[in-house]
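Student: Questions regarding the structure given below will be posed in turn.
The values are calculated or read from the model by the stated rules, or taken from the named source; none is laboratory data. Note that this is a predicted model, so its numbers are computed, not measured. Neighbour counts are summed over all protein chains in view; Cβ atoms, including those assigned to glycine, are modelled from backbone coordinates with ideal geometry.
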Amino acid sequence: MDTLLKNQFFKLKDYQIMLIGWALILTVVCLNCTVHSLLIAKERVDISSSIIWSLQKFGVWLVMTPALCNAFNYPRFTSQFNKYSLVGLYAIGFALAVNTTLDIIVEKISWQESLFYQWHHHVIAYITIVLVWHLKHTFFERNIEQVTEATTIADTANDELLYEPTMLILDDTHIKLVDILFVKAAGNYIEVVTDEKTHLLRGTMKELETLLPPEQFFRCHRSYFVNITHAQTVINERSGHGQILLTTAQQVPVSKGKRKDAHSLISH
């Protein structure tokens, strides 16, 4: 679960991570105002005023965060320092202009006083955004690469496990699947018939069901598997049974219950 959460966190976009951070910061600021009202000012707690005050002081950064992330990703900068400096100049200037205007209108204080008390807050806010963005693009993305590499290795391993076999390996005998015409049960043994010879191996039909690919081998009878690639046609019998005629002119019995499936699998 922890790994899954980390992977989901790594996949978040820059501005999504920072917006989550700003939401947490604004929550802490509101809690701080609440504690101040209760313990220091001994006043009635006004949650709405705390939220409004928090947004008045830091809401501008909440709004600017997506634009800042896009600016940081913009490739046409000669160096990281030039990028951070130029973007910071515009961002801090805009934040100061907005907050100073709000202080003059809402708090009824002079612009000089507002700038004096506010400028360092905005510088710290911008530096924090730069640090978070830089951290995400170094440490976090390195983790993403590691997760992606691990996923690729796992997918490769799964592909190997899902890879269709080309050999029947049974009783220390290796037989190419393409060479098998049909397989017949013989007590505790099975007869694997190929063009060249018949192999008598210790095994069961149930065991063969897990070893033979179903898209190539059809269990046409309780005691027979037939290689569909060597099947030519199905011959019906009056009893309801049938015979599968192979390209080698050999015939393999088909039970009543399997005859319909045999017709659908084997073209005439």
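Student: If you scan region 181-207, which residues turn out to be within 23 Å of H241 (Cα to Cα) and of a type in the set (A, V, I, L, M)?
Tutor: Start the filter on region 181-207 by keeping residues that are within 23 Å of H241 (Cα to Cα), which leaves 181-187, 190-193, 205-206.
Selection gives L181, V183, A185, A186, I190, V192, V193, M205.
Student: A follow-up question, please. Conditions first: (1) charged (D, E, K, R); (2) within 18 Å of I266 (Cα to Cα); (3) surrounded by 16 or more Cβ atoms within 10 Å (Cβ to Cβ). E215 passes all but one, so which condition is the exception?
Tutor: Against the list (1) charged (D, E, K, R); (2) within 18 Å of I266 (Cα to Cα); (3) surrounded by 16 or more Cβ atoms within 10 Å (Cβ to Cβ), E215 comes up short only on (3).
Student: Let me ask something else. Can you pull out the residues in region 245-265 that are in contact with a helix residue (DSSP H, G or I) (Cβ under 7 Å, 6 or more places away or on another chain), touching a residue at least 40 places away in the same chain (Cβ under 8 Å) and buried (at least 18 other Cβ atoms within 10 Å of the Cβ)?
Tutor: L246
Student: Separate question: Need a quick list: strands (runs of 3 or more DSSP E) entirely within region 173-266 having at least 1 residues that are among the aliphatic types (A, V, I, L, M).
Tutor: Ranges flagged: 173-176, 180-186, 189-194, 198-202, 224-227, 231-236, 242-246, 251-254.
Student: Follow-up question, since we're still on this one. I need the full set of residues from region 59-84 which are farther than 15 Å from W133 by Cα and at pLDDT 75 or above, in order please.
Tutor: Hits for region 59-84 are V60, V63, N82.
Student: Being within 17 Å of D195 (Cα to Cα), at pLDDT 95 or above, surrounded by 15 or more Cβ atoms within 10 Å (Cβ to Cβ) and aliphatic (A, V, I, L, M): is that true of V226 here?
Tutor: Criteria met by V226.
Student: If you check L177 against the conditions, is it within 39 Å of the chain's Cα centre (by Cα) and at pLDDT below 90?
Tutor: No; evaluated as a whole, the condition is false for this residue.
Student: Restricting attention to region 82-116, and to residues there that are surrounded by 12 or more Cβ atoms within 10 Å (Cβ to Cβ) and of a type in the set (F, W, Y), which single residue is farthest from W61 (Cα to Cα)?
Tutor: Here the answer is W111.
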